[in-house]
Structure formats: C-alpha cells, structure tokens
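The values are calculated or read from the model by the stated rules, or taken from the named source; none is laboratory data. All values derive from a computational prediction rather than experimental measurement. Glycine gets a Cβ as well: all are built from the backbone with ideal geometry, and neighbour counts include every protein chain shown.
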Amino acid sequence: MKLSQLLYRLLDKKLNKKEKPGLSQRLSTSEELIKGKEDFNVLRKILSQSADDSFGEGFVDRVMLEVTQIDEKPRWKQVQNEQPNLSFSFFKRQYAFVMAAVLLVTLLSPTLYSWITTTKYMTERGDTLTVTLPDNSIVQLNAESEIFYSREFNEGSRFITLDGEAYFDVKKGKHPFTVLFKNVSVQVMGTQFNVYTRGENIEVTVNEGVVKVGNDIEGNSQKEIILSEGQMVSFESDRQPGLPVLYTNPHTPGWINGKFIFDQVNLEDVCNEIERKFDVDIDFANTELEFITVTGVIEAENLSDVLATISLLTKRPYKFEKERYTFY
C-alpha cells in the first residue's frame with residue numbers, strides 16, 4: 001500500500017495493527033523525506049507553534065493545497081507575524097504531499113517524527129541481514145532482530161539501539177561505539193563482539209578487543225565491567241552484570257558460524273532459536289517438556305537434522321502435522 005494511502009487510513013482511524021509497521025517502515029525509508037530533511041525541519045519548527053489541530057475529513061488535501069501555494073502567499077498568518085524574517089521560497093511544489101506528511105507527523109506524535117530522522121533495519125524469522133554503518137562498522141543481524149540509529153550517526157557520537165541479536169565488527173573512530181538495550185550499554189572503540197537481547201536476558205560475547213558493559217538501573221549505582229577477548233557475561237536487564245567468564249567453544253557466537261551452541265538451555269528457549277532460524281512453529285504436548293535442558297553443538301544448516309539431534313539429546317520424539325512441529 002502506498003504511503004499516501006496509509007496516511008489517509010491513519011487519519012480516518014482505519015489503520016489496523018498489520019498496517020502500522022508498514023507506515024513506520026515507509027516513513028523511515030522515504031527518499032523524498034530524507035532529501036528534504038532541512039526544509040522539513042524548518043517547517044516542523046514553524047508548525048509546532050500552530051494551534052491547528054484539526055484532523056477532519058479532507059485534512060491532507062487542505063494541507064497539500066496550503067503547501068503548494070506557499071511560494072505565492074504564506075497561509076500561516078499567526079506564525080508569519082511571529083516570524084517575519086522567515087522565507088518560504090525553498091519549498092518546492094513537488095514536495096506538496098511530503099510537506100503534508102511532515103505536518104501530520106508534527107501534530108500527531110514526536111515519536112512518529114523521529115522515524116523520519118532515524119535509520120532502522122529489521123529482520124523477520126528465517127532471515128539475517130548485514131549492514132554497513134556510516135563509520136564503516138559492520139553489523140550482522142540475526143533473525144527477529146532490529147537496530148536503529150540517528151541519521152547523524154558518527155557526526156558527534158556513535159549510539160546504536162538493538163533489540164534481538166547482532167554481531168558487531170566495529171571500526172576505530174573519534175567517538176566510542178555504544179550499543180544500547182533498555183538501560184544496558186555496551187561501549188567499545190574498535191572490536192568484534194556479539195550482543196544477545198531476548199526478553200529480559202542479555203549476553204555479551206567478545207571475540208576481539210575490549211568492551212565495557214554497564215546497566216544504569218534507576219535507583220542503583222551503575223556497575224560497569226570490562227570484557228576482553230574470549231570472555232562473556234550473561235545477566236537480566238533488571239540486574240547488574242556479573243563477573244566475566246571464559247567461553248570455550250571457538251565457534252562462539254554459534255549463529256555467525258552456522259551452529260547452535262547450547263549449554264544447559266531449556267528446550268523452550270532452544271526451540272525459540274530454531275523457530276527464528278528456520279521460520280517454523282514448534283509446540284509441546286505438555287508444559288513439562290519446556291524445562292528439559294539441552295547441551296551440545298548442532299550444525300544449523302538443515303532443519304530436519306537439527307530436530308533429529310534435539311530429539312536424540314532430549315529423548316523425546318516429535319511429529320509434523322498441520323504446518324507445526326510438536327515434541328511429545
């Protein structure tokens with residue numbers, strides 16, 4: 001569905017849950033919005049002082065008309081009186097719809113506007129993605145993961161927010177490279193490391209260099225620990241990171257090397273990883289099966305081989321019916 005259609009549906013309060021992510025994605029990747037960023041920022045500043053909050057029928061059409069005629073005669077008289085020195089000559093008519101979208105974003109939600117000024121990448125189940133950042137650092141996203149960062153990344157800072165799992169190959173730069181998840185921060189200058197964030201669980205693994213991990217929990221003094229090559233730390237997002245431990249498997253992190261590496265992991269969490277990797281659904285005949293622990297290194301190339309190995313390790317059979325796998 002076109003961006004214009006999504007915006008109309010949003011105004012009419014007909015936008016459904018499935019369409020909302022589409023609107024977010026289209027706004028964040030719109031080339032017109034990106035190219036006209038400076039113009040939009042000026043317009044947004046002006047409109048933020050406007051009392052116009054009517055989103056009735058024909059709203060987008062009226063705004064498009066206003067913007068189309070803006071070169072000839074500015075229509076925001078109250079704002080014009082307050083800002084007599086502002087010139088509108090740079091607004092081009094071909095940006096009419098884009099300007100209408102910016103007005104909508106401005107008046108509806110600052111969060112919506114932030115999508116325009118933020119770069120975002122995400123993966124679905126069964127997918128991975130490699131992204132080169134503006135500083136030439138490389139991020140490999142695992143399945144069901146997302147990152148986002150300011151379009152001004154590397155100009156004054158290098159902050160990137162992660163939800164899911166990603167492997168980072170960070171190039172040295174003027175500013176520290178910081179990965180954020182909730183209150184947790186992982187800071188480096190140049191290194192290779194993996195960050196896992198699923199639910200409340202966090203795991204940081206360092207393959208090269210040194211990283212600093214901290215959790216700024218409200219009401220507690222932040223505790224920071226240093227991880228060096230060959231070390232890892234696991235903790236929950238509402239807890240401070242514990243002491244680093246050495247990891248022994250040279251293929252860590254497993255997903256980068258085409259493997260599943262499990263060490264006393266509940267079968268439920270094991271199956272969650274398999275679902276993400278292969279985009280399948282796995283059920284349990286009873287809840288007790290979820291707590292069976294799995295330990296081992298499994299080649300992650302073929303779904304049938306993975307499930308057969310899990311069945312062998314847990315001594316539990318599985319079946320496939322109605323497009324779902326079930327352990328029983």
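Only one entry of Ile261, Ile217, Ile225 meets the criterion of being of a type in the set (A, V, I, L, M, F, W, C), at pLDDT below 90 and either under 30 Å from Phe291 (Cβ atoms) or not assigned by TED's automatic domain parsing to the domain that holds Tyr318 (or both), and that entry is Ile217.
Which residues, taken from the stretch 204-225, are closer than 16 Å to Gln140 by Cα and in contact (Cβ under 8 Å) with a residue 24 or more places away in the chain?
Those that are closer than 16 Å to Gln140 by Cα and in contact (Cβ under 8 Å) with a residue 24 or more places away in the chain: Val204, Thr205, Val206, Asn207.
Within the stretch 260-317, the set of residues being part of a helix (DSSP H, G or I), in contact with an Asp or Glu (Cβ under 9 Å, 6 or more places away or on another chain) and among the aromatic types (Phe, Trp, Tyr) comprises just one member, Phe291. Does the stretch 155-162 contain any residue that is of a type outside the set (Gly, Ala, Ser), touching a residue at least 60 places away in the same chain (Cβ under 8 Å), in contact with a Gly (Cβ under 9 Å, 6 or more places away or on another chain) and within 25 Å of Val210 (Cα to Cα)? Within the stretch 155-162, none of the residues are of a type outside the set (Gly, Ala, Ser), touching a residue at least 60 places away in the same chain (Cβ under 8 Å), in contact with a Gly (Cβ under 9 Å, 6 or more places away or on another chain) and within 25 Å of Val210 (Cα to Cα). Cβ-Cβ distances below 6 Å connect no pair with a first residue in the stretch 180-201 that is within 13 Å of Gly214 (Cα to Cα) and in the same structural domain as Leu162 (by TED's automatic domain parsing), a second residue that is acidic (Asp, Glu) and at pLDDT 95 or above, and a separation of six or more residues or different chains. Against the conditions (1) touching a Leu at 6+ places or on another chain (Cβ under 9 Å); (2) surrounded by 21 or more Cβ atoms within 10 Å (Cβ to Cβ); (3) in contact (Cβ under 8 Å) with a residue 24 or more places away in the chain, Ser145 satisfies every one except (3). All conditions in (1) touching a Leu at 6+ places or on another chain (Cβ under 6 Å); (2) under 21 Å from Met232 (Cα atoms) hold for Lys212, with the sole exception of (1). So Phe262 fits all but one of (1) closer than 22 Å to Gln231 by Cα; (2) of a type in the set (Phe, Trp, Tyr); (3) surrounded by fewer than 18 Cβ atoms within 10 Å (Cβ to Cβ); what number is the exception? Against the list (1) closer than 22 Å to Gln231 by Cα; (2) of a type in the set (Phe, Trp, Tyr); (3) surrounded by fewer than 18 Cβ atoms within 10 Å (Cβ to Cβ), Phe262 comes up short only on (3). Filter the stretch 226-270 for residues that are touching a helix residue (DSSP H, G or I) at 6+ places or on another chain (Cβ under 7 Å) and either of a type in the set (A, V, I, L, M, F, W, C) or in contact (Cβ under 8 Å) with a residue 40 or more places away in the chain (or both) and give the result. Those that are touching a helix residue (DSSP H, G or I) at 6+ places or on another chain (Cβ under 7 Å) and either of a type in the set (A, V, I, L, M, F, W, C) or in contact (Cβ under 8 Å) with a residue 40 or more places away in the chain (or both): His251, Phe260, Ile261, Phe262, Leu267, Val270.
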